[in-house]
Amino acid sequence: MMTTISKAAGAAALLLSWYDRHHRDLPWRISPVMAARGMHPDPYHIWLSEVMLQQTTVQAVKAYFEKFRRLWPTVADLAVADTEEVMKAWAGLGYYARARNLKKCAEAVARDHGGRFPETEEGLKALPGIGDYTAAAVAAIAFNRQSAVLDGNVERVISRLHAIETPLPAAKPQMRMLVAEMTPQDRPGDFAQGMMDLGATICTPKRPACALCPLNDHCLALKTADPETFPRKAAKKDKPLRVGAAFVAVDQSGAVYLRKRAETGLLGGMTEVPGTAWTSRVDGDNSIEAKPFPAQWHACGAISHVFTHFELRLSVHSATVARSAQMIGSGENGWWEPAETLGAQALPTVMKKAIAQAIPHAFKDGAEPKRQVRKTAT
DNA sequence: AATGCGGGGGC
DNA sequence: GCCCCAGCATT
């Protein structure tokens, strides 16, 4: 047992040394050099970046992080922000429950904790949108706590170091124990970030650069097996296909008719154009009752979009509609959005695709997804 | 323990 | 195409 502990401590020292030399420069990060001069990370920045980084790449997060920091410089600013403005700023980043919980969390910190984040894992995890990973990461990075930080990168590194045969997610408790054993009392935050940087740049899913790895002499998978085959994972299910129709109504000024989706579920709280339900049946056609206005609707192709658990194909229809036109059905909570401000709405990517399909120049400055030229929805 | 929940980049 | 990404909430 003592041998195991010493080995872990030696590996941790190597990892920290590597991090000092090879860490990435990120907008929310205090470099080891600056930390040595007494600089501390802002817990608000660490929390904000960690929530954005949940299942999201560093590259995608950078611009959003800067935008949020500019719009809401402190957690108090975010706590009093308009939720709709937060959804607009988050649009395109995905997993929109994160944005709703981000706002709730900021409110809870302001209301229940005097505007300061709790410094313990337990206290952090009690907040909306903060789970095992984020609580440990914020505690370690922002508050120098010796927390075991386990994300997808660390899972890969640990599974290879120990050649863990148990597939994920069953192996997580064992991995967490091994990370806890390896996490140093000194600089736990840098250790966590170092492990994640290692997983992102050296210990990669495909073709890991083992020759450059500071831990290669400790890696059981490298000695006895093929590191690339770790971590073991349960087989994943196939994605079903769903189909539907979307209706892009444009008035004489170029404004587009939009409406708000339900607060919960898929794309919860985000903005959309009217459309049919998305069904798994390819034969049915319920597009008639979903048209928002009586008009000369004309089919203008289809778009395809892949979500986490299904693929969607939407046939897109467009029409020019007088703003005074009689609506079909009732209970619509929609509005006419001017063309100039379309790009600033809380439109998820699939909706931008649909609008761009109907109005090729609807979005300027690269906000426009690639126009898809598919002719049918099947 | 399993499922729902976005979007983009790498290969 | 497939895989993965600094996961969380809910059942």
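Some points to look at:
- When the solvent-accessible area of segment A:241-358 is split by element, carbon and sulfur atoms take up 51 percent of it, the probe being 1.4 Å.
- Accessible area in square angstrom per residue, segment A:2-229, 1.4 angstrom probe: 47
- Rounded tilt (10° steps) of A:349-358 against the dominant C-alpha axis of chain A: 30
- The trypsin sites (Lys or Arg not before Pro) of segment A:10-114 that meet both conditions, a loop assignment by DSSP and at most 14 other Cβ atoms within 10 Å of the site Cβ, are A:Arg24, A:Arg37.
- Between A:Lys7 and A:Asp186, the modelled label-to-label distance comes to 2.4 nm, taking each label 7 Å out from Cα in the direction of the beta carbon.
- Sulfur and carbon atoms: percent of accessible area, segment A:2-229 [1.4 Å]: 54
- Sorted largest first, the principal axis extents computed over the alpha-carbon atoms of chain A equal 78, 48, 33 Å.
- Sites A:Thr166 and A:Asp77 - FRET efficiency at Förster radius 51 Å, r taken between beta-carbons, to 0.05: 0.70
- Remark: spin-label model distance A:Glu311-A:Thr224 equals 4.0 nm, labels positioned 7 Å along the Cα→Cβ axis.
- The C-alpha atoms of chain A define a longest principal axis, and helix A:132-143 lies at about 60 degrees to it.
- Choice from A:Asp112, A:Asp190, A:Asp238 with maximal GNM fluctuation in chain A (Cα, 10 Å cutoff): A:Asp238
- Net charge over other residues, Cβ less than 15 angstrom from the Cβ of A:Ile30 (K, R count +1; D, E count -1): -1
- Nearby aspartates and glutamates by direct alpha-carbon distance to A:Lys239 (threshold 16 angstrom, same-chain neighbours under 8 apart not counted): A:Glu311
- Comparing A:Gly38, A:Gly244, A:Gly189 in a Gaussian network model of chain A, where Cα atoms under 10 Å apart are tied by springs, the biggest mean-square fluctuation is seen for A:Gly38.
- For chain A, the longest principal axis of the alpha carbon atoms and the long axis of helix A:43-52 meet at an angle near 60°.
- Gaussian network model of chain A, Cα within-10 Å springs - most flexible of A:Lys353, A:Lys291, A:Lys236: A:Lys236
The values are calculated or read from the model by the stated rules, or taken from the named source; none is laboratory data. Nothing here was measured: the structure is a model prediction, and the numbers come from that model. As a convention, Cβ positions derive from the backbone with ideal geometry for all residues, glycine included, and neighbour counts pool all protein chains shown. The protein model used for the area step is the full one, side chains on, heavy atoms only, and it has no ligands, DNA or RNA in it. Shrake-Rupley method; radii C 1.70, N 1.55, O 1.52, S 1.80 Å.
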